[in-house]
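I have placed the structure first, in the form of structure tokens, so that the comments after it can refer back to it.
The values are calculated or read from the model by the stated rules, or taken from the named source; none is laboratory data. Keep in mind that what you see is a predicted model, and the values were worked out from it rather than measured. Reconstructed Cβ throughout: ideal geometry from the backbone, glycine too, with neighbour counts over all protein chains shown.
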Amino acid sequence: MVQKFSGDLLAVVCSHLDFKDMLNLLFTSQSLYANNIDGFFKLVAVLQWGVNFWADALSRNTSKTYSGMKNELFQISRLNARFDSSNLPRWGQSDYRVFWAVEDEMKRKKEASRLGCGARLQRVVA
């Protein structure tokens, strides 16, 4: 039955499912799952979060970039599961953007501190 749906229609349906249910639905159609699956997950991700969110998320210089959109969505689902188990609200786009801003500020301060220590050390040694 899943094979009768177009990939775009299935992506719209999947965008309303949690990650586990989405994978279960996709595994019912091996031919769909085998054909351009990363493109499919990109479409689902854009439907769920929007183009601008992913442009911002993927342009960030971070060591925690996961390979492929399927893995990015999986990491979001893992975070949501942690929030759910703690009875906390799931993050939205604004929550991620605030987190990114705080993370970037912490990195800037750490880098400034590291550079400042190096300059002080050079003055002491000289």
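Some notes on this structure:
- Test: residue 76 is in contact with a helix residue (DSSP H, G or I) (Cβ under 9 Å, 6 or more places away or on another chain), outside the structural domain of residue 106 (by TED's automatic domain parsing) and modelled with pLDDT under 80: no
- Residue list for the stretch 76-107, filter: of a type in the set (S, T, N, Q) and closer than 12 Å to residue 18 by Cα: 77, 80
- Residues satisfying the stated conditions in the stretch 64-102, i.e. among the basic types (Lys, Arg) and either more than 17 Å from residue 54 (Cβ to Cβ) or assigned to a helix (DSSP H, G or I) (or both): 70, 78, 82, 90, 97
- Qualifying positions in the stretch 18-49 - at pLDDT below 80 and not in a helix (DSSP H, G or I): 28, 29, 35, 36
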